[in-house]
Amino acid sequence: MATFGYGRVSRSDQTTENQRLEIEGQGYAVDYWYADEGVSGKVSAMQRPQFAKMLGQMRDGEKLVVSKIDRLGRDAQDVGATVKLLKERKIEVIVLQLGKLDLTSPAGKMMMTMLAAVAEMERDLLVERTHAGLERAKAEGKTLGRTPKTTPEQREAMKAAYASGASVSSLARDYGVSRATVLGIVTEKAAA
């Protein structure tokens, strides 16, 4: 029976290679490796292209190895549903984060439920802290988001030139910005 490895990273500039090396470093000979790169952890396991493709290739009784529990789903409910589906197919699920505990066993199921709930709580707390930080920054008068490519004076000059017949392309060249930036400026509503 084959051993499958699965990795996931949220951003396309990241790689799953460290997850693969971690799995192989624990003594697992991975016959088939699947990885979703640039796929958010908010996406359920079954909606991840490579995870779904892997499930289509796996036969009953094979083994799946992942580095961390959050690779199996977006929250406790999703992880539970994924493991239940794998258990029905008699696929052994190993999460290195938990040692060599098979998640489809009764002890593994209990551990998985607890850890998935903790991981979900950590994600919720991170979002909460991020929102609190943004609110504090706004209250302190800090400007959030990207630094504008043009000054308020340049924006007013662009609007005036556009109203006088200047083309979007010529304004983009004159100010060294994209046509999209110029269009955003000359079509924005007055004082939002």
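Residues checked against (1) aliphatic (A, V, I, L, M); (2) open to solvent by 20 Å² or more (accessible area, probe 1.4 Å); (3) at pLDDT 90 or above; (4) under 18 Å from the mean Cα position of the chain (by Cα):
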| residue | (1), (2), (3), (4) |
| --- | --- |
| V66 | yes, no, yes, yes |
| D75 | no, yes, no, yes |
| K90 | no, yes, yes, no |
| P106 | no, yes, no, no |
| M114 | yes, yes, no, no |
| V127 | yes, yes, no, yes |
| R136 | no, yes, yes, no |
| P148 | no, yes, no, no |
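Can you tell me which residues in the stretch 26-48 are more than 23 Å from M121 (Cα to Cα) and not in a strand (DSSP E or B)?
Q26, G27, Y28, A29, V30, D31
Against the definition (modelled with pLDDT of 90 or more and assigned to a strand (DSSP E or B)), how does R8 come out, yes or no? Show your work before the answer.
Working: modelled with pLDDT of 90 or more: yes; assigned to a strand (DSSP E or B): yes.
Here the answer is yes, as R8 does meet what is asked.
Of the residues that sit in the stretch 42-56 and are open to solvent by less than 70 Å² (accessible area, probe 1.4 Å) and among the polar types (S, T, N, Q), which one is nearest to the chain's Cα centre (by Cα)?
Ranking the qualifying residues of the stretch 42-56, first place goes to S44.
From V127, V168, which residue is touching a helix residue (DSSP H, G or I) at 6+ places or on another chain (Cβ under 6 Å) and on the phi < 0 side of the Ramachandran plot? Don't jump to the end; show me each part of the working.
Details: V127 fails: touching a helix residue (DSSP H, G or I) at 6+ places or on another chain (Cβ under 6 Å).
Selected residue: V168, the only one of V127, V168 that is touching a helix residue (DSSP H, G or I) at 6+ places or on another chain (Cβ under 6 Å) and on the phi < 0 side of the Ramachandran plot.
Can you name the number of the only condition in (1) part of a loop (DSSP other than H, G, I, E, B); (2) in contact with a strand residue (DSSP E or B) (Cβ under 8 Å, 6 or more places away or on another chain) that D13 fails?
(2)
Please count how many residues of the stretch 161-182 are within 37 Å of the chain's Cα centre (by Cα), open to solvent by 70 Å² or more (accessible area, probe 1.4 Å) and farther than 11 Å from K149 by Cβ.
2
Need pairs with beta-carbon distance below 6 Å; first residue open to solvent by 80 Å² or more (accessible area, probe 1.4 Å) and hydroxyl-bearing (S, T, Y) and within the stretch 1-24, second modelled with pLDDT under 90 and outside any strand (DSSP E or B); sequence gap 6+ or separate chains.
What qualifies is S12/G38.
For the subset of the stretch 25-41 comprising residues that are modelled with pLDDT under 90 and open to solvent by less than 30 Å² (accessible area, probe 1.4 Å), which member is farthest from L98 (Cα to Cα)?
If we take residues in the stretch 25-41 being modelled with pLDDT under 90 and open to solvent by less than 30 Å² (accessible area, probe 1.4 Å), then V39 is farthest from L98 (Cα to Cα).
Quickly run through the stretch 17-48 and pick out the residues that are closer than 15 Å to D78 by Cα and in contact with a strand residue (DSSP E or B) (Cβ under 6 Å, 6 or more places away or on another chain). Before you say what the answer is, go through the steps one by one.
Pass one, the stretch 17-48, residues closer than 15 Å to D78 by Cα: 40-48.
Of everything in the stretch 17-48, just one residue is closer than 15 Å to D78 by Cα and in contact with a strand residue (DSSP E or B) (Cβ under 6 Å, 6 or more places away or on another chain), namely R48.
Looking at the structure I just gave you, is P152 of a type outside the set (A, V, I, L, M) and surrounded by fewer than 10 Cβ atoms within 10 Å (Cβ to Cβ)? Give the derivation first.
On the way: of a type outside the set (A, V, I, L, M): yes; surrounded by fewer than 10 Cβ atoms within 10 Å (Cβ to Cβ): yes.
Yes: the conditions hold for P152.
The values are calculated or read from the model by the stated rules, or taken from the named source; none is laboratory data. Everything quoted here is computed from the prediction, not taken from an experiment. Heads up, the Cβs are rebuilt from the backbone with ideal geometry, glycines too, and the neighbour counts pull from every protein chain shown. Protein only, heavy atoms only, side chains kept; ligands, DNA and RNA dropped before computing areas. Shrake-Rupley method; radii C 1.70, N 1.55, O 1.52, S 1.80 Å.
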